[in-house]
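The numbers here are math on the coordinates, done by the rules we state, and not lab data. Please read these numbers as outputs of a predicted model, since none were measured by experiment. With ideal geometry, Cβ positions are generated from the backbone for all residues, glycine too; neighbour counts draw on all protein chains shown.
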Amino acid sequence: MIKFFRKIRQNLLSEGKTGKYLKYAIGEITLVVIGILIALQINNWNENRKNRITEADYYCRILDDFELNEKLIDDTAELTTRKIKLCKELILDLNTIPNDRSDILNKFVLALRQDVFVPSNIAFEEITSSGQLKLLTDLELKNRLIRHSTFLNNILNLLQENRNEIISRMGDFDSVTNFGFQDLDYLNKALDKEHLDLLPKNNWNNEPDNPLFLKFQDNLIFFVGMLVRQKQHLANLKAEMQEPLKLLKAKNCQ
């Protein structure tokens, strides 16, 4: 094709038809420019098509994360409710004298086991860390997702503060053997009788005026408060999720 156009130009020049040559050259340039513009347009169209596919995929992946997190919140809230119930039972058990220290402490550890709420935020973190946030063309949804990410991080910080306070209280005893940690099932099984016989035989759990009794009871009340606070944080997070969740579902992900 290039040889064909070159031959035409050479014939026009050899025949001295300069005017026609110039017109032809301008026409040829125009055709080339039009061809380039069409190619660019096709390329832009194809790039936009790929971007819209990627955008739709991100919306669906973010929706998956939201739906998973909603279930995780419900599961964690249910577990927290059971812990609150167990702590309240422990307060009654402690004040039902006589009681067994081993039973009290084993229930106590079970009630305060730290099950960490770890939300899934993989898709949104991926799109932000890769600099592809611009792919989201739905400005209302994009801004709402950004706000949710900030809210989520704040809730996670509050939950971490709760855990830190609980852990701090759990270990706040001058002597763990005097308190009776050796009565915990997993420690009791690990220690030989000759070792257990060397440890203090404290019956503080049956002495309401004993400082350990009072401190343990205070801690139980404190733990109930922290657990109730945790449920409130989770409830606030679930409520905050509803608007972006509704917007995501409107994208009709398959």
Find out how many positive minus negative residues lie around F117, taking Lys and Arg as positive, Asp and Glu as negative, among other residues whose Cβ is under 10 Å from that of F117.
-> -1
Pop the C-beta distance of D57 and F222 into the FRET formula with R0 = 45 Å and round what comes out to the nearest 0.05.
-> 0.45
Partner aspartates and glutamates whose C-alpha sits under 18 Å from that of K50, ignoring same-chain residues fewer than 8 away, are E126, D138
Full-extension gain in nm, T96 to D197, via 0.36 nm per residue minus C-alpha separation = 33.7 nm
How far apart, in nm, are two points set 7 Å out from the Cα along the Cα-to-Cβ line at D103 and at K71?
-> 3.8
With a cut-off of 13 Å, note down the residues of segment 139-163 whose backbone N falls inside the zone around a label point 7 Å from the Cα of N236 toward its beta carbon.
-> 151-162
Burial ranking of peptide ranges 66-78, 167-179 (average Cβ count within 10 Å, highest at the top) | 66-78, 167-179
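Got the relative contact order for segment 66-249 handy, in percent, Cα pairs under 8 Å and 6 or more residues apart?
On the way: 126 pairs, mean separation 74.5, N = 184.
Over segment 66-249, the number comes to 40 percent.
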Listed with the fewest Cβ neighbours within 10 Å leading, F124, F181 appear as F181, F124
Can you check what the net charge comes to around M226, using other residues whose Cβ is under 13 Å from the Cβ of M226 (Lys, Arg +1; Asp, Glu -1)?
-> +2
Name the shape class, rounded, prolate or oblate, that the alpha-carbon gyration tensor gives for segment 66-249, where a ≥ b ≥ c are the square roots of its eigenvalues, rounded holds for a/c under 1.5, and otherwise prolate holds if a/b is larger than b/c and oblate otherwise.
-> prolate
Gain in length, K88 to E126, computed as 0.36 nm per residue apart minus the alpha-carbon separation, to one decimal in nm?
-> 9.4 nm
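Here are some pairs, K83/K215; K85/K249; K71/K249; K83/K246; K85/K215; which of them have Cα atoms lying more than 28 Å apart in this structure? Each step should come with its number before you reach the end.
Numbers: K83/K215 19 Å; K85/K249 36 Å; K71/K249 16 Å; K83/K246 32 Å; K85/K215 20 Å.
Checking Cα-Cα distances, K85/K249; K83/K246 exceed 28 Å.
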Give, as a single signed number, the net charge of other residues whose beta carbon lies under 13 Å from the beta carbon of R101, with Lys and Arg counted +1 and Asp and Glu -1.
-> -4
Take segment 186-254, drop everything but the C-alpha atoms, weight them equally and run the Debye formula without solvent; then report log10 I(q)/I(0) at 0.12, 0.18 Å⁻¹ to two decimals.
-> -0.65, -0.89
